[in-house]
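Each value in this text was obtained by applying a stated rule to the coordinates, not by laboratory testing. Predicted model, so just to flag it, every value in this text is computed and none were measured. Cβ placement follows ideal geometry from the backbone for every residue including glycine, while neighbour counts extend to all protein chains displayed.
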Amino acid sequence: MFVANHAPTLSQWYIFPERGSELVRRLCDKREMYHLARTCDVATPETAFPTSRSEVIEFCRVAQFPVLVKPILHRVPAFHPKIKRWLMPLVNSREELLAHYDAFETPSSPNVMLQEYIPGSDEMTWTFNGYFDRNGGCRVAFTGRKLRNFPAYFGQASLAACVDNEIVRKTTIEFMTAIGYKGPLDIGYRYDARDGRYKLNDVNPRVGAMFRLFVSANGVDVVRAMYQDLTGQAVEPSSNPHGRMWIVEDVDVLSALRYWRDGRLTAAQWLRSLRGINEHTFLAWDDPLPLVAACLMDARRALSDRKGRRTRLRESVAALPTTADSRIVRRDHTTVPRAGEIQ
């Protein structure tokens, strides 16, 4: 959005796809993107955009739980000042939904959306990566699916594979052509087995985080296609590299541990899933330092998160009425000690 808003000034020194700032903003704003997709007859999960607590209560009367709580637009100045980051929780009841809404929403600048949860495993999530040239033509188009996410279930891909999906490819190209999109694109869908439709989750008008999954046999990916087009070269033809696999090593281990703990992945299944990986994000035997650095950053982040959770736990327990045997019972039936017992 920054580049699109300041394109006239930045174009003195840089070259980038020329597209209107209004279209870029609408694609980044999930409410605008939702209405844009509906206008173009692209399937989406049922979604509500409440502007007040009373509207959330009204939504609860007809909602089918569980429901995902998401931000409409990331990183706006007035967004959730009470918390440092958005966790995209999956809520299962009216009370839980209202509690999250009260914690996340800023009444003066509504930014919370409530979205239907489409059941199924991570493999139900599909991705399109492509590049649309200066005339709006799709020059490269790749499709693939996530095999594991980090954080588990709702995060970015930690393990993914290229798989041909003509429905996802055709739907995306028709949608982007209809709105006149230009530039690199990363777009996500989730397959809904209940009605057999691929439903649009997110549109990212930029190079996606998992773009290196999609590399054709001649070495063309979205970034190379964009470079060739913007520098006046012919974009080399490419094909979907069916079966190609890509992994983010450090977080995939953490993700696999979560799935194992939940009984969804065995050690043998995890080892089998690592066979045939074509590209790693950090690992290179002749240069191991990037992987070491990534692991150290993960450890630092984990310690920081643990410290933050302990601080929040102290504050929440201290605010409770104290009795001789007061305990907090979690959903997994474990207990949290009284405030004075936390070390």
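Some notes on this structure:
- Remark: spin-label model distance Arg38-Ser121 equals 3.3 nm, labels positioned 7 Å along the Cα→Cβ axis.
- Residues Ser108 and Tyr227, FRET efficiency given R0 of 45 Å [Cβ-Cβ distance, rounded to 0.05]: 0.55
- The string of couplings for the stretch 100-109 from the Karplus curve (6.51, -1.76, 1.60, θ = phi - 60°) is 5, 4, 4, 6, 9, 7, 10, x, 6, 9 Hz, one whole number per residue in order, with x for Gly and Pro.
- Taking amide H positions as modeled 1.01 Å from N, with prolines and chain starts lacking one, the residues under 5 Å from Arg148 and 5 or more places away or on another chain are Ser158, Leu159.
- For Lys307, the aspartates and glutamates whose Cα falls under 13 Å of its own Cα, not counting residues fewer than eight places away in the same chain, are Glu315.
- Net charge of Cβ neighbours under 12 Å - reference Glu32; Lys, Arg +1; Asp, Glu -1: +3
- Point-to-point label distance, Leu254-Phe16, nm (Cα→Cβ direction, 7 Å offset): 2.9
- Ordering of 63-70, 38-45 by packing [mean C-beta count within 10 Å, highest first]: 63-70, 38-45
- Among the listed pairs Lys30/Lys70; Lys70/Lys182; Lys170/Lys199; Lys30/Lys199, a Cα-Cα separation exceeding 18 Å is found for Lys70/Lys182.
- Of His74, His35, the sequence from fewest to most neighbouring Cβ atoms within 10 angstrom is His74, His35.
- Estimated FRET transfer efficiency when R0 is 25 angstrom, pair Asn92-Asp305 (beta carbons, to 0.05): 0.60
- Helix 166-179 vs. the chain, principal-axis angle (Cα, 0 to 90°, nearest 10): 80
- Measuring spread by the Cα atoms of the stretch 122-280 yields a radius of gyration and Dmax of 16.1, 52 Å.
- Measuring r between the beta carbons of Glu166 and Asn218 and using R0 = 30 Å, the FRET efficiency lands at 0.90.
- Across the chain, C-alpha contacts under 8 Å between residues 6 or more apart give a mean separation that, scaled by the residue count, equals a relative contact order of 14 percent.
- Using θ = phi - 60° and Karplus 6.51 cos²θ - 1.76 cosθ + 1.60, couplings along the stretch 17-29 (whole Hz; Gly, Pro as x): x, 8, 8, x, 5, 5, 5, 4, 4, 5, 6, 7, 8
- Per-residue [θ]222 nm for the chain (sum of -39500 (n - 2.57) over DSSP H runs n ≥ 4, rounded to 500): -10500 deg cm²/dmol
- The label point for Glu279 and the one for Asp202, both projected 7 Å from the Cα toward the Cβ, are 1.9 nm apart.
- A simple rule links phi to the HN-Hα coupling: the Karplus curve 6.51 cos²θ - 1.76 cosθ + 1.60 with θ = phi - 60°, which for the stretch 146-155 gives 7, 9, 9, 10, 9, x, 4, 6, 10, x Hz, with x for Gly and Pro.
- The slack in the chain from Arg25 to Leu271, taken as 0.36 nm per residue of separation less the alpha-carbon distance, amounts to 84.4 nm.
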